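Novice: First, the structure itself, so that you have it in front of you.
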Amino acid sequence: MAEKHLAKTRKFKAEDINQILEIEKQAFPKTVFSKATLLNYADRLPDTFIVVQSGKDIVGYIIFDLTGHIYSTVVKKPYRRKGFGKMLFMYALRCAKKGLWLEVRSENREAIEFYKRLGMKIVGEIPNYYVDDHALIMRLENSIPP
């Protein structure tokens, strides 16, 4: 099992795409991003498509822009609750000086609780954002979470 202290964050590279696609399929089976979508993000946001790597394995990633909008973030299940998600979140928070915001499925309790532990608050809702669920909008103002 990978240890957080051996992990590093870095910018996405094209050769990461297959590992990212596997993470996507496992984490978001209902709304998986396509290879084309992920490569489009990599092209549009080359400085803010960040992976966390442990050894040769990509264990998670975050895609955000400098306004603080997080488009997607996920850590592989076996690596959750080990600090990798917080590592990615803190990277994004350092880059997006005005804070962070995202949309999350209202039924994704695990993610909502994770974001709350990082200091995010629910500030709105978008009905029918997903085909089968609505989105909660969560925000963290310009402050470092605990």
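The values are calculated or read from the model by the stated rules, or taken from the named source; none is laboratory data. The model shown is predicted, which means the values in this text are computed figures rather than measured ones. Cβ: placed from backbone, ideal geometry, glycine included. Neighbour counts: every protein chain shown.
Novice: Going through the stretch 112-140 one residue at a time, which ones are surrounded by 16 or more Cβ atoms within 10 Å (Cβ to Cβ) and modelled with pLDDT of 90 or more?
Specialist: Of everything in the stretch 112-140, those that are surrounded by 16 or more Cβ atoms within 10 Å (Cβ to Cβ) and modelled with pLDDT of 90 or more turn out to be Ile112, Phe114, Tyr115, Leu118, Gly119, Met120, Ala135, Leu136, Ile137, Met138, Arg139, Leu140.
Novice: Taking the options Thr73, Thr31, Thr67, name whichever one is exposed (fewer than 12 other Cβ atoms within 10 Å of the Cβ) and β-branched (Val, Ile, Thr).
Specialist: That would be Thr67, the only listed residue that is exposed (fewer than 12 other Cβ atoms within 10 Å of the Cβ) and β-branched (Val, Ile, Thr).
Novice: Scanning for something over 23 Å from Asp132 (Cα atoms) and of a type in the set (Ser, Thr, Tyr), does the stretch 26-38 turn up at least one residue?
Specialist: Within the stretch 26-38 (the criterion being over 23 Å from Asp132 (Cα atoms) and of a type in the set (Ser, Thr, Tyr)), the answer is no, since none of the residues qualifies.
Novice: So which residues in the stretch 2-43 are small (Gly, Ala, Ser) and touching a residue at least 60 places away in the same chain (Cβ under 8 Å), if there are any at all?
Specialist: Ala2, Ala7
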